[in-house]
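Worksheet for the structure shown next.
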Amino acid sequence: MYRSIITGSGGYIPEIVVKNSHFSENAFFSEDGFPLGRPVMDVIDKFSKITGIVERRYAQGDILASDMAVEASEIAIADSGIDRETIDQIIVAHNFGDIGSNSSMTEIVPSLASRVKQKLGILNPSCIPYDLIFGCPGWLQGLIHADAFFKAGIAKNALVIGTETLSRVLDQHDRDSMIFSDGAGACVLQYKEESFTGSGILSANVRSDSGEETGYIHMNGTFNPETSQDALYIKMKGRKVYEYALRHVPAAMKDCLDASGYGISDLKAIYIHQANEKMDEAIIKSFYGLYGVTEVPEGVMPMCIQWLGNSSVATIPTLFDLVRKNQMPGHQLDKGDIILFASVGAGMNINAVCYGYY
């Protein structure tokens, strides 16, 4: 049987380390435009306890999202050993395109995928590059897309990338701005005959709720009423996002795992979008609860949000690459491990993929 198998991975972690103390001089306002009315360090400490974030990474000013995508892709291609001219699709998940450090303008024409293809020096006209905008679950949706194209006989090799420079769409007067970061992750996905039963992509599940949920993560002006409202920044209704995720993500994960033919006891690890430590922990606890399991297995959920922050589409592929390369103490992947990818984000969109590690 042929399955979609990850044969190489790569990540780009920006060099600029931004600690929580970086925000100590910020003046934070509420959504209604009023000062929060308590010491900034109290706001930062509470934020850290909820999200788990101590520091995050920002890209240097001359580095664009497409540049980070290329760096991660070069590592993934080398790791895979694939001839880049045999890549049939380049799928780049992002939300804001290329944004310069001193500009509020986003560039998405030509597509980031086309830019990546050019920078990688791929000449094959049958290699089709395209962008995927699906909120934070974009990279995982890229895997689902590629798997579908493989099964349809349209392609057999894909480069799937998630890249984002969220630091360039942040409102310094919004406490939620401390969540976001920059980074890129990539993988080479190939349609290959499985060398053992249960390798590759085993099942997938996708859900979208686009009623009032569409506005839970959106773009809007600064919270500071005394500042120009011309620029738009990423905004999040944190409580709404938390409630939505806790209500729907565990069920989507369960549907995905059930469809794979494997059980909860077979699951080695869960690679979940690094959105918020407390939220992710609550999701995993609820997920296990759906199987009547009250104690979540120790070490089942590797996390890097504490030092990388939330880089949207880049969080899962970056985390996966770190574990594959044995750079996450206490976590490793072995041939035959059954793992679950899961994500939630703007749309609101949810997806999950069950994967047998090759």
> Mind checking which pairs have a first residue in the range 226-244 that is part of a loop (DSSP other than H, G, I, E, B) and a second that is hydroxyl-bearing (Ser, Thr, Tyr), Cβ under 9 Å, 6 or more apart or different chains?
Replying inline: Ser228/Thr222; Gln229/Thr222; Asp230/Ser104; Ala231/Ser104; Ala231/Thr222; Leu232/Ser104; Lys237/Tyr216
>> So for the range 166-183 (the condition being outside the structural domain of Phe134 (by TED's automatic domain parsing), farther than 30 Å from Thr294 by Cα, out of contact with any helix residue (DSSP H, G or I) (no Cβ under 7 Å at 6 or more places or on another chain) and part of a loop (DSSP other than H, G, I, E, B)), does at least one residue qualify?
In response: no
> Name the pairs whose Cβ atoms lie under 8 Å apart, with the first residue in the range 294-305 and in contact (Cβ under 8 Å) with a residue 24 or more places away in the chain and farther than 18 Å from Pro317 by Cα, the second among the hydrophobic types (A, V, I, L, M, F, W, C) and surrounded by 16 or more Cβ atoms within 10 Å (Cβ to Cβ), and 6 or more positions between them or separate chains?
Replying inline: Gly299/Ala269
>> If a residue must be over 25 Å from Ile217 (Cβ atoms), touching a Phe, Trp or Tyr at 6+ places or on another chain (Cβ under 9 Å) and without any contact (Cβ under 8 Å) to a residue 40 or more places away in the chain, how many such residues does the range 266-292 contain?
In response: 0
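Please determine whether any residue of the range 50-59 is touching a Gly at 6+ places or on another chain (Cβ under 7 Å), more than 25 Å from Leu189 (Cβ to Cβ) and assigned to a loop (DSSP other than H, G, I, E, B). Quick ask: steps written out before the conclusion?
The first filter runs over the range 50-59 and keeps only residues touching a Gly at 6+ places or on another chain (Cβ under 7 Å), leaving 53, 56-57.
Subset that is more than 25 Å from Leu189 (Cβ to Cβ): 53, 56-57.
From the residues that got through so far, the ones that are assigned to a loop (DSSP other than H, G, I, E, B) too are 53.
Yes, the conditions are met somewhere in the range 50-59.
With the requirement that a residue be crowded, with 18+ Cβ neighbours inside 10 Å, over 18 Å from Ile87 (Cβ atoms) and not small (Gly, Ala, Ser), what does the range 107-139 give you?
Initial filter on the range 107-139 (crowded, with 18+ Cβ neighbours inside 10 Å): 111-113, 115-117, 120, 122, 127-129, 131-132, 134-139.
Filter once more, keeping what is over 18 Å from Ile87 (Cβ atoms): 134-138.
Once the filter is applied, which keeps residues that are crowded, with 18+ Cβ neighbours inside 10 Å, over 18 Å from Ile87 (Cβ atoms) and not small (Gly, Ala, Ser), the range 107-139 yields Phe134, Cys136, Pro137.
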> Out of Ile82, Ile50, Ile16, which single residue is surrounded by fewer than 20 Cβ atoms within 10 Å (Cβ to Cβ) and either under 14 Å from Arg175 (Cα atoms) or among the acidic types (Asp, Glu) (or both)?
Replying inline: Ile50
> Ala259 fails exactly one of the following numbered conditions: (1) crowded, with 21+ Cβ neighbours inside 10 Å; (2) small (Gly, Ala, Ser); (3) part of a helix (DSSP H, G or I); (4) touching a Cys at 6+ places or on another chain (Cβ under 8 Å). What is the number of that condition?
Replying inline: (1)
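I'd like to check something: does the range 86-97 contain any residue that is free of Cβ contacts under 8 Å to residues at least 60 places away in the same chain, buried (at least 21 other Cβ atoms within 10 Å of the Cβ) and under 17 Å from the mean Cα position of the chain (by Cα)?
Within the range 86-97, the first condition is being free of Cβ contacts under 8 Å to residues at least 60 places away in the same chain, and the residues that meet it are 97.
Now restrict to residues that are buried (at least 21 other Cβ atoms within 10 Å of the Cβ): 97.
Of the ones still in play, those that are also under 17 Å from the mean Cα position of the chain (by Cα) are 97.
Checked the range 86-97: at least one residue is free of Cβ contacts under 8 Å to residues at least 60 places away in the same chain, buried (at least 21 other Cβ atoms within 10 Å of the Cβ) and under 17 Å from the mean Cα position of the chain (by Cα).
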> Looking at the range 236-243, is at least one residue modelled with pLDDT under 95, among the small types (Gly, Ala, Ser) and within 20 Å of the chain's Cα centre (by Cα)?
Replying inline: yes
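Within the range 60-78, can you find the residues that are under 18 Å from Tyr191 (Cβ atoms) and either more than 19 Å from the chain's Cα centre (by Cα) or free of Cβ contacts under 8 Å to residues at least 60 places away in the same chain (or both)?
Residues of the range 60-78 that are under 18 Å from Tyr191 (Cβ atoms), as a first pass: 76-77.
Correct list: Ile77 only.
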> Any chance the range 216-223 includes a residue that's among the small types (Gly, Ala, Ser), closer than 17 Å to Lys235 by Cβ and either assigned to a loop (DSSP other than H, G, I, E, B) or within 17 Å of the chain's Cα centre (by Cα) (or both)?
Replying inline: yes
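The values are calculated or read from the model by the stated rules, or taken from the named source; none is laboratory data. Fair warning: this is a prediction, and the values are worked out from it, not measured in the lab. All Cβ positions, glycine included, derive from the backbone under ideal geometry; neighbour counts span all protein chains shown.
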